[in-house]
Each structure stands twice: as C-alpha cells, then as structure tokens.
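Asker: My questions will all concern the structure given below.
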Amino acid sequence: MTLLHSPGDPCPEPFPKRLPAPEHHPPAQPVRSAPGSVRPPSVRHALRVLEAVAGDHDGVDEVRLAARTGLPPARLAGLLRTLLREGYVERLGDGSYVAGEAMVLLGGTGAGGRERALRERLWRTLARLRDSIGAAVYLGRYRDGEVEIVGYADGPRHPAPPERPDFRSAGHATALGKCLLGQLDHDARRDHLSRHRAVRLTPRTITDERVLLSLLERQPPTVPVLDLQEYEVGSVCAAVPVTAGSAVGSLGVCLPVEETHRLRRAAEALSEQAAGVLLPLSL
C-alpha cells in the first residue's frame, strides 16, 4: 500500500513514495489469540452489512439487516452511521438502506481506477478523522515482519512528530508499533525485537526487552496502547487495534504533551470510527 500523507492540502497526485522496503523478509507472523480475550470489533461486520444492503436493490430496513447480519441493534446502528458518513450506503425516505455512491463508484471502475478510488477514499477518511478529533492520525500494519505506516493525516494545526528514526525500527517506542506488536504471539514479538533492538529515544523509552514483552503480554486488547513521550519528547500518542481479514492493523492519534488530557477520548473516537478507515483496505 502506498504511503498517504495529508499536509492539509487536496489529495496529492502522485502519492508520495513507499516506505523503504526491509532488507529481510521473514515469514508472516501469527496473530495472538489469547484464551478468553475479546478482540475489538472487526471491519468484517461492516462488510457483512454492505453485502446485505447490496443484495437488496429495493432497500432493506434495520430490522431485516439485523436478521441477515446477526448483529445486535446497537452495533448495527453504529456501523450504519459510519457507512452513511462515508457514502457506502444511503438512507431512503422510508428508512430503508441502499448502496451508496462510494459502493457504486468502486463497483463500476476498472482495477486501476478502483485502486485509485480506494486510496483517495482512505486519504479523505483519515483527513476527516484528523479534523473531527483535532489531532494527527495514523494507520499502520504489521506486514512481512515489519511495522508499516499505511497512511497518515496531519496538518499545520495538527502536526505529526518527525519520523526519526524510521517507524519500522521504533515499534518498541511508538503507540502504533506497540499496538501492532501486541497483536502478535510471544515468539513473533521476540523475533521482531531481535531484528530491531529497543534503543533509547527519550528518557522515557522502554529498552529492557523483558519489561517490554511483559507489558505487551499484559496489554488488554480493548484498551488503547499509549506512548507518553517515549518516541519524542513533547508528543503523546495512543493507538487501537483494528482488523481487516487476517491483517494485523492499528489506528493511532498523536497530540502535543500539553493536550494529554484529550488522549483517551481521542483514542475512543478512533475505535468508534475504525470501520470507515479499514473498508477501503478490505474491499
């Protein structure tokens, strides 16, 4: 996936360069599935709703959607709000739902046009999140044994910390990286840290591998992962896990340290709106 960047300007063309490819490509790492743990809602629920809507050209109401998808009413209502906001569904006057402009557009383009439309929609969604939350927003994946920034949206009013060092080598210090590593099993985490040593970036950076592994193991899957000036002095970040099929993903937000009090609510907003970001990566 090409790196997307939003400096507050219209969607750039062409998109900026891809992150440097890692020299070493170990096998894909397994996703942790701790006994009794509850993983965050997956984008597959949103895809289930879209399939149900697309299968009824005359429109389908929430009662029939709930029956077809098996989703509880509260969860379904939240997904429908996201899908409406992103243009994937439209609501008719009688309260029923039909495929929206975004779905029609994606279904009517060729492979190249579809890829471009998906990337642009992802960029716009990240930019919308940035503006609604009032902070820089990141989307990351763990792929081919590396932390990868898929896209981010920042701007003059919502600056992102400079990428130094490369996020791929700073997974131990960033909220996004720790959130991704936390979704792997123990052996996969150790493998990653053996290739990317936990170096000290600020006085708060955790460099003891045993302490770091212990923290990742104890991290509840439904609680945001925090970076309190571990990557850069003056910045605090939070990240929440997101899933698209078997992919290990994370959505993060970054704020100046003076706004630490806003961090948890910003992370909650990310979790609530994650489906809108992940759908372009899954369709």
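Asker: Which of the trypsin sites (Lys or Arg not before Pro) found in the stretch 122-216 are in a DSSP loop and have at most 10 neighbouring Cβ atoms, other than their own, within 10 Å?
Answerer: Details: sites: ARG124, ARG128, ARG130, ARG141, ARG143, ARG157, ARG168, LYS178, ARG189, ARG190, ARG195, ARG197, ARG200, ARG204, ARG210; in loops: ARG157, ARG197, ARG200, ARG204.
Taking the stretch 122-216 and a limit of 10 other Cβ atoms within 10 Å, the loop trypsin sites (Lys or Arg not before Pro) found are ARG197.
Asker: Mind computing the radius of gyration and Dmax over the alpha-carbon atoms of the stretch 43-106? Å is fine for both.
Answerer: Rg then Dmax for the stretch 43-106, in Å: 10.3, 29.
Asker: So with the 1.4 Å probe, I'd like the accessible area per residue for the stretch 109-249, rounded to whole Å².
Answerer: Values: 5930 Å² over 141 residues.
The answer is 42 Å² per residue.
Asker: Accessible area per residue, 1.4 Å probe, Å², for the stretch 49-101: what's the number? Could you put the intermediate results ahead of the total?
Answerer: Working: 2750 Å² over 53 residues.
About 52 Å² of surface per residue is accessible.
Asker: Averaging sequence separations of C-alpha pairs under 8 Å and six or more residues apart, then dividing by the length of the stretch 43-106, give the relative contact order as a whole percent. Don't skip to the end; give the middle numbers.
Answerer: Numbers: 71 pairs, mean separation 21.9, N = 64.
Computed over the stretch 43-106, the figure is 34 percent.
Asker: Using a basic spin-label model with each label point 7 Å from the Cα along Cα→Cβ, how many nm lie between GLU120 and ARG265?
Answerer: 3.5 nm
Asker: Additional query: In sequence order, what are the phi-derived ³J(HN,Hα) couplings for the stretch 217-233 according to the Karplus relation 6.51 cos²θ - 1.76 cosθ + 1.60 with θ = phi - 60°, rounded to whole Hz, with x for glycine and proline?
Answerer: Result, rounded to whole Hz: 5, 8, 5, x, x, 9, 9, x, 8, 10, 10, 9, 6, 8, 8, 8, 5.
Asker: Going by amide H atoms built from the backbone, whose H comes under 5 Å of the H on VAL150, apart from near neighbours?
Answerer: LEU139, GLY140, ARG141
The values are calculated or read from the model by the stated rules, or taken from the named source; none is laboratory data. On a predicted model such as this, the values are computed, not experimentally measured, just so you know. A quick note on method: Cβ atoms are made from the backbone with ideal geometry, for glycine too, and the neighbour counts reach across all protein chains shown. Remember, those area values only see protein heavy atoms, side chains included, never the ligands or the DNA or RNA. Shrake-Rupley method; radii C 1.70, N 1.55, O 1.52, S 1.80 Å.
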